Amino acid sequence: LIGKSVLVSLTQNINVSGGTGAQSVTQPDLHITVSEEAPLELRCNYSSSFQVYVFWYIQYPNQGLRLLLKYIAGDTLVKGTGGFEAEFKNSEKSFHLRKPSVHRNDAAKYFCAVSD
């Protein structure tokens, strides 16, 4: 039996400058292929010396960016649409996106962004 797979593409880096300081965002994985119904984790690390807001966007083929979830303040575990969630860890400077079970319609590009 051959399992189906889901290809997830990621941007490698998004850098934002301006405001009171400069931040950088790194997504270490450029492409990830996972089996359908397997768990998914997309890593996002940032650097900033200020309080940040962190966002995950999704882009399906031939469509524009859509906000998936964001951390502004409060509860560090953020639940998004479609079963996605991310945990804001300021001590680790990370906001990794997770989904316990991916499906074919999760094949898309995922973008992590940060703002002060």
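For segment 31-116, the set of chymotrypsin sites (Phe, Trp or Tyr not before Pro) satisfying both a DSSP loop assignment and a count of at most 13 other C-beta atoms within 10 Å is given as Phe50. Other residues with beta-carbon under 12 Å from the beta-carbon of Ser94 carry, at +1 per Lys or Arg and -1 per Asp or Glu, a net charge of +1. The gain in end-to-end length when the Asn105 to Asn90 segment is fully stretched comes to 2.3 nm, 0.36 nm per residue minus the alpha carbon separation.
Quick note: the coordinates plus some simple rules give every number you see, no bench work behind them. As the structure is a prediction and not an experimental result, all values here were calculated from the model. Here the Cβ is made from the backbone with ideal geometry for all residues, glycine too, and neighbour counts use every protein chain on show.
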